[in-house]
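Input: a single structure, listed below in structure tokens.
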Amino acid sequence: MAITYIKRGKPEAERSQDDLKVRGTVEGILKDIEVRGDAAVRELSEKFDKYSPASFRLSPGEIDALMQRVSPRDMADIKFAQEQVRNFAQAQRNSMKDIEIETLPGVILGHRNIPVQSVGCYIPGGKFPMVASAHMSVATASVAGVPRIAAATPPFKGEPNPAVIAAMHLGGAHEIYVMGGIQAVGAMAIGTQSIKPVHMLVGPGNAFVAEAKRQLYGRVGIDLFAGPTETMVIADETVDAEMCATDLLGQAEHGYNSPAVLVTNSRKLADQTIIEIARILQILPTADTASKSWEDYGEVIVCDTYEEMLDTANAIASEHVQVMTDRDDWFLENMHSYGALFLGPRTNVANGDKVIGTNHTLPTKKAGRYTGGLWVGKFLKTHSYQKITTDEAATAIGAYCSRLCILEGFVGHAEQANVRVRRYGGKNIAYGAAAE
């Protein structure tokens, strides 16, 4: 048994060094926003986006005018995609129940699922207008019942992108800002003279946006720590090299540092996929980006067995995992660390990114080991409550509580229980050992 790397990407140490370069820049910018508010945001927008409108927040009239510029076909496609996202998010929401149970006579415990009260959704768009990201964050927050949804996206070629603005508005955004990068997430989280701060930030972005969210976490909640797009293809000889190469490069075009990994048990498929990638890069319009990403972050791993393929995939914990084998459901049953699975040759990662209904904001950098991606539940907080309705229950639970508090040395805690025992203990204690 052996695992062979036919192609490797950058060493992990070099990748970490790349991450360190942005931290100081982000920290300084966030401090500037905190001190100077709107003035800092405007200077940053002028510097990075060459954009300085009278107001960064779009008025209803401006939104309507931009939406008028979206073609009927594009508008229909946006609405179709949002319907799929909403339908799946609503099914997920319906699965989350408030509960209330009587655990002992007179002891009522329960929980309620309560929406986060304000959310800032970041929709990337400086290089590519990420229309789909509006569905994933704004529409999903809307299904969760978030009462205030602020959304920000950078200008595209010097102006708001009509399709992105349409998707944000149709998704249910209450406030739409044309701002990009650190200044957008910083303004929404910290607040300025004109922008009320939010309770939570969601949405993907470049390395600077990801680092800003990391530094803002704690001040606000976030969906997850998102890095560059990652994709993995798990394949055997049931599929061909063109399919594998297309799926790898389809995500490598996201950025210069997007890992794309093939895991296979076929040396022939591995070699042919490398050849096919070289061919496609000669004709792919986004080859400048995809070729650099493939050169620095692409990997091809050949395993002897399916079990080795599974172990390798779980260890890498890629954001997107495309499975095309003779046992796709076996991988579904046994994969435990990933962002999202795409099972069988008829499906693909782009479906999940754009239209099929699952959310495309997913864990990267091995975060799939401890969290899933953005979903309607991320916008909901599960809060517990308790209620004691009888004297007998108050007395019995109080007796247990008092002894357990004294066991730990918390006399004040114990007295909280004792006062209830004295107040309500006129009747017999109900729960066995509590009376001893």
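Each row is one residue, and each column tells you yes or no for (1) open to solvent by less than 20 Å² (accessible area, probe 1.4 Å); (2) more than 21 Å from MET200 (Cβ to Cβ).
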| residue | (1), (2) |
| --- | --- |
| ARG42 | no, yes |
| GLU62 | no, yes |
| ALA65 | no, yes |
| ALA81 | yes, yes |
| MET96 | no, no |
| HIS135 | yes, no |
| ALA141 | yes, no |
Exercise for the section: Would you confirm whether any residue within region 48-57 is more than 28 Å from the chain's Cα centre (by Cα), of a type in the set (Lys, Arg), farther than 17 Å from ILE190 by Cα and open to solvent by 70 Å² or more (accessible area, probe 1.4 Å)? Expected result: yes
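Results for (1) modelled with pLDDT under 95; (2) not aromatic (Phe, Trp, Tyr), shown as yes or no for each residue.
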site: HIS199; (1), (2): no, yes
site: TYR217; (1), (2): no, no
site: ILE222; (1), (2): no, yes
site: PHE225; (1), (2): yes, no
site: GLY255; (1), (2): yes, yes
site: THR264; (1), (2): no, yes
site: LEU269; (1), (2): no, yes
site: ILE283; (1), (2): no, yes
Exercise for the section: With respect to ALA76, determine if the residue is surrounded by 12 or more Cβ atoms within 10 Å (Cβ to Cβ) and modelled with pLDDT of 95 or more. Expected result: no
Practice task
Please work out if ALA290 is among the hydrophobic types (A, V, I, L, M, F, W, C) and under 15 Å from GLU230 (Cβ atoms).
Solution key: yes
Exercise for the section: Answer yes if at least one residue in region 109-129 is farther than 27 Å from GLY205 by Cβ, open to solvent by less than 20 Å² (accessible area, probe 1.4 Å) and at pLDDT 95 or above, and no otherwise. Expected result: yes
Problem - Tally of residues being without any contact (Cβ under 8 Å) to a residue 40 or more places away in the chain and surrounded by fewer than 12 Cβ atoms within 10 Å (Cβ to Cβ) across region 380-396 - result: 0
Practice task
Pull up region 168-182, narrow it to residues that are touching a strand residue (DSSP E or B) at 6+ places or on another chain (Cβ under 9 Å) and not small (Gly, Ala, Ser), then point me to the one that is surrounded by the fewest Cβ atoms within 10 Å (Cβ to Cβ).
Solution key: HIS174
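Can you confirm whether region 361-372 contains a residue that is touching a helix residue (DSSP H, G or I) at 6+ places or on another chain (Cβ under 7 Å), polar (S, T, N, Q) and within 30 Å of ASP74 (Cα to Cα)?
So far as region 361-372 goes, yes, one or more of its residues are touching a helix residue (DSSP H, G or I) at 6+ places or on another chain (Cβ under 7 Å), polar (S, T, N, Q) and within 30 Å of ASP74 (Cα to Cα).
The values are calculated or read from the model by the stated rules, or taken from the named source; none is laboratory data. The structure displayed is predicted, hence computed values, not measured ones. Using ideal geometry, Cβ is built from the backbone for each residue, glycine included, and neighbour counts are taken over all protein chains shown. Only protein heavy atoms, including side chains, enter the accessible area calculation; ligands, DNA and RNA are left aside. Shrake-Rupley method; radii C 1.70, N 1.55, O 1.52, S 1.80 Å.
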